[in-house]
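Contents: one structure, followed by commentary.
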Amino acid sequence: MFAATFSKPRAMHSLASAYQQVGLETATSNATPHKLIEMLFDGFQDAIARARGAMLARQIEAKGRAISHAARIVEEGLKAGLNLADGGKLAADLDALYAYVGMRLTHANLHNDAQALDECASLIEPVRSAWAEIGPRVTQAAQ
């Protein structure tokens, strides 16, 4: 009886989305500020992968949603979290990088340019890796 109730693809998608949302809420409520930024980087890379897949499958709406998600992560998460007043050259360089990535995401969306998506992913990856690498030191220093 239970399986028959949820056999429709839409219902299964809704359940999966709800499960993901609960998992995300749980992860973010227990995360340190450093971990939250790490999660933004991971979410960005995931959104780029989804956009690339949707682009290849010619799913225009899904591509647009995924690229918009990636752009929001950059603009409202990564870029908004910068301290430009006290962060010096590093913060200014990251601000410029994030602005460029946002511009390239818009280009990728408008022109179905998978290479622009790849460029964005490759530009963010070194920052993501460096952030993940300093994580244990940040945790250790906080204790």
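The values are calculated or read from the model by the stated rules, or taken from the named source; none is laboratory data. The model shown is predicted, which means the values in this text are computed figures rather than measured ones. Neighbour counts run over all protein chains shown; Cβ positions are idealised from the backbone, glycine included.
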- Query: If we keep just the residues of the range 18-41 that are touching a helix residue (DSSP H, G or I) at 6+ places or on another chain (Cβ under 9 Å) and in a loop (DSSP other than H, G, I, E, B), which is modelled with the lowest pLDDT?
  - Reply: Ala31
- Provide a single number: the residues in the range 65-83 that are exposed (fewer than 14 other Cβ atoms within 10 Å of the Cβ) and among the hydrophobic types (A, V, I, L, M, F, W, C). 1
- Of the residues in the range 34-49, those that are farther than 30 Å from Ala141 by Cβ and exposed (fewer than 15 other Cβ atoms within 10 Å of the Cβ) come to Ala49
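For (1) out of contact with any Phe, Trp or Tyr (no Cβ under 8 Å at 6 or more places or on another chain); (2) loosely packed, with under 15 Cβ neighbours inside 10 Å; (3) over 25 Å from Pro33 (Cα atoms), each residue gets a yes or a no:
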site: Ala51; (1), (2), (3): yes, no, yes
site: Leu56; (1), (2), (3): yes, yes, yes
site: Ala85; (1), (2), (3): yes, yes, no
site: Leu94; (1), (2), (3): yes, no, no
site: Val101; (1), (2), (3): yes, no, no
site: Glu125; (1), (2), (3): yes, yes, no
- Does Leu117 satisfy being exposed (fewer than 12 other Cβ atoms within 10 Å of the Cβ), at pLDDT 95 or above and within 19 Å of Gly53 (Cβ to Cβ)? no
- Message: I want to confirm something. Restricting to the range 103-114 and keeping residues that are of a type in the set (S, T, N, Q) and assigned to a helix (DSSP H, G or I), which single residue is surrounded by the fewest Cβ atoms within 10 Å (Cβ to Cβ)?
- Response: Thr106
